[in-house]
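One structure is given here, and the rest of the page talks about it.
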Amino acid sequence: MSHEPPSTRPASESEAKAEAGTIATDGSAEADVHRVRIDQDDELDRMRYRCPNNHTRWVPTNNHLYCHSCADLADACEGPEYYELLDVKTSERIAWSRVVLE
Ligand SMILES: [Zn+2]
């Protein structure tokens with residue numbers, strides 16, 4: 001007796017992305033227009049996108065980013081947590097909601 005599994009199977013790629021980080025769904029259509037993709041394993045991306053204080057040692061948290069360099073600075077006025085990244089190539093500040101980490 002053969003019982004074939006259903007041909008439809010979950011896309012493992014999208015599942016992995018869903019687990020990697022929770023993406024806010026509200027206003028996502030609008031964010032799609034100016035979406036900025038950052039490859040965390042790409043050194044060029046790491047050097048280009050920095051915390052607003054020009055550091056590269058930031059890490060993503062739940063819905064914002066945390067900068068270890070700022071955390072080490074006693075006089076960091078803005079604090080180690082940010083909701084935007086600095087694009088050193090264009091000097092543009094990128095809202096965290098627009099960032100897609102890959
Ligand atoms: Zn910093």
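The values are calculated or read from the model by the stated rules, or taken from the named source; none is laboratory data. From a predicted model like this one, the values you see are computed outputs, not experimental measurements. Every residue, glycine among them, receives a Cβ derived from its backbone with ideal geometry; neighbour counts consider all protein chains shown.
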Q) If you take the residues in the stretch 60-102 that are exposed (fewer than 12 other Cβ atoms within 10 Å of the Cβ) and among the hydrophobic types (A, V, I, L, M, F, W, C), which one is nearest to the ligand (Cβ to nearest atom)? A) 77
Q: Might you check whether a residue that is part of a loop (DSSP other than H, G, I, E, B), among the acidic types (Asp, Glu) and modelled with pLDDT under 90 occurs anywhere in the stretch 61-77?
A: yes
Q: Find all pairs meeting these conditions: Cβ atoms under 7 angstrom apart; at least six residues apart or on different chains; first residue within the stretch 80-95 and farther than 12 Å from residue 67 by Cβ; second residue of a type in the set (Ser, Thr, Tyr).
A: 87/49; 95/83
**Q.** Pairs with Cβ under 6 Å, 6+ apart, first in the stretch 31-52 and at pLDDT 95 or above and surrounded by fewer than 17 Cβ atoms within 10 Å (Cβ to Cβ), second basic (Lys, Arg) and assigned to a loop (DSSP other than H, G, I, E, B)
**A.** 48/89
